Amino acid sequence: MHELVFELSGPYYELAWAEIRGVMEGNGHGCRTVSYQEGLLIVETDAPPEVLCGKLGLTHRILYHLGTTDRERLMAGDTGIKLPPGSAAVVTRRIGGREVDSMEINRGFGGEISRDNPIDLERPVHSVIVLVSESCVVGRLACVVDKKGMSRRLVKNRPYFSPVSLEPKYARALVNMARPAKGLTIHDPFCGTGGILLEAAEMGYKVSGGDTDPMMVEGCRRNLRTYNLQGNVWEGDVSQNIPEGIDRIVTDPPYGRSSSSRGEDIRTVYSRLLLTASERLGDKGYLAVIFPGKRYYRLGSEYLSPVEMHRTRVHSSLERYFCLFRKE
Ligand SMILES: C[S@@+](CC[C@H](N)C(=O)[O-])C[C@H]1O[C@@H](n2cnc3c(N)ncnc32)[C@H](O)[C@@H]1O
């Protein structure tokens, strides 16, 4: 077990936290929350940080927790924080736009560290990061989430794209909320251009999808091929396209605005999704879905057990609720 610090990507910290819980639970790792403050989560876990960094969408980086202290102690070089042997570099980062005198912290704390570890700013063995939030969390860098990899799959960079598609980091958050595990299949019954399937397949899960629009089906296949990813995608309505006994359903259905529901009332579309999910999900299966209102979370609770819901805001008149349900 080790204590890991997650530097979360804002502004939806609760969702970022839910994503981390989902990844750990799905992969059978223990996870005890040690503390949380704006943008920073500290968790005791046996999960290897590199594996988590390969999956998370809403985390910037993961550190091994060395200690939590305050600015005065850092500037005075009086934290008592110790590093394993090896050279070190100290970097200070502020969370949530806080005023910080980084130079003073680096000088004071760097001086303390240099008593036992030589300072090497070019190629340090230990990159030590001071994260200044409500208090100051100090950690040794474990890994950085690969934002470059995700940016290759941004909506605008896909060969077939539509503005209604989810960006990779939010698609990942939704997939990870569903507690995916190695060997399980993730199905998206409103797959569109494949934003969710691309991320799930990239994370190593088996994927399948369906959509009523043949252009979307073809575009989704093309996107998967472009990124060298495998997945079965077929044409069909949500009531027909979900395989029996499916492990996870992860989806972003139409909102009844630019994203088309072909004239069908969206409450009816969602009811059909929820009914089909309740019938076709395997035992202890999960449905992770984005709804444009809290009332649909209540609707979902009539079909499946509600687990959690997290609000995000697209613009003044569109909110998205990341909702998770379980089949008991
Ligand atoms: C919000 S978009 C999905 C976006 C998708 N996540 C992406 O990355 O492109 C909703 C999709 O649902 C499809 N759709 C609408 N009604 C449907 C239905 N009854 N059954 C299956 N798909 C449907 C639309 O063709 C559209 O592609």
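Where a number appears in this text, it was derived from the coordinates with a stated rule and is not lab data. These figures come from a predicted structure and were not determined experimentally. Don't worry about glycine lacking a Cβ; one is built from the backbone with ideal geometry, like all the others, and counts go over all protein chains shown.
Along the chain, the exposed loop sites are trypsin sites (Lys or Arg not before Pro) outside DSSP states H, G, I, E and B with at most 15 other Cβ atoms within 10 Å, and the longest stretch free of them is 1-81. Judged by a Cβ-Cβ distance under 4.7 Å, the unpaired cysteines of the chain are Cys31, Cys136, Cys191, Cys220, Cys323. Ordering Ser165, Leu15, Gly54 by Cα displacement along the dipole of the chain toward the positive end leaves Ser165 in first place; charges were set at the Cβ atoms of Lys, Arg (+1) and Asp, Glu (-1). Full extension of the segment from Ala181 to Leu299, taken as 0.36 nm per residue of separation minus the current Cα-Cα distance, would add 39.8 nm. Charges were assigned to the Cβ only: +1 to each Lys and Arg, -1 to each Asp and Glu. The resulting dipole of the range 2-144 about its Cα centre is roughly 200 debye.
Distance between the pseudo-spin-label points of Arg311 and Asp101 (7 Å out from Cα toward the beta carbon): 4.0 nm. If one computes P(r) from the Cα atoms of the range 151-326, what percent of pairs lie at distances over 21 Å? So the portion of pairs separated by more than 21 Å is 41 percent. Between amide H atoms placed 1.01 Å from N, distances below 5 Å from His187 occur with Ser208, Arg248, Ile249, Val250, all of them 5 or more places distant or on a separate chain.
Close amide H pairs (under 5 Å, H built 1.01 Å from N) link His126 with Ser87, Ala88, Ala89, residues at least 5 positions away or on another chain. Take the Cβ atoms of Val51 and Arg272, set R0 to 41 Å, and the FRET efficiency comes out at 0.65. Pairs of Cα atoms nearer than 8 Å and 6+ residues apart set the relative contact order; for the range 70-203 it is 20 percent. Among beta bridges from DSSP that stay inside the chain, the antiparallel ones total about 65%. Principal semi-axes of the equivalent ellipsoid, √(5λ) from the alpha carbon gyration tensor of the chain, are 41, 19, 18 Å from largest down. 3J(HN,Hα) along the range 239-247: 6, 10, 8, 9, x, 5, x, 4, 6 Hz, from the Karplus curve 6.51 cos²θ - 1.76 cosθ + 1.60 with θ = phi - 60°, whole Hz, x for Gly and Pro. A Cβ-based charge dipole, computed about the Cα centre of the chain with Lys and Arg at +1 and Asp and Glu at -1, lands at about 580 debye.
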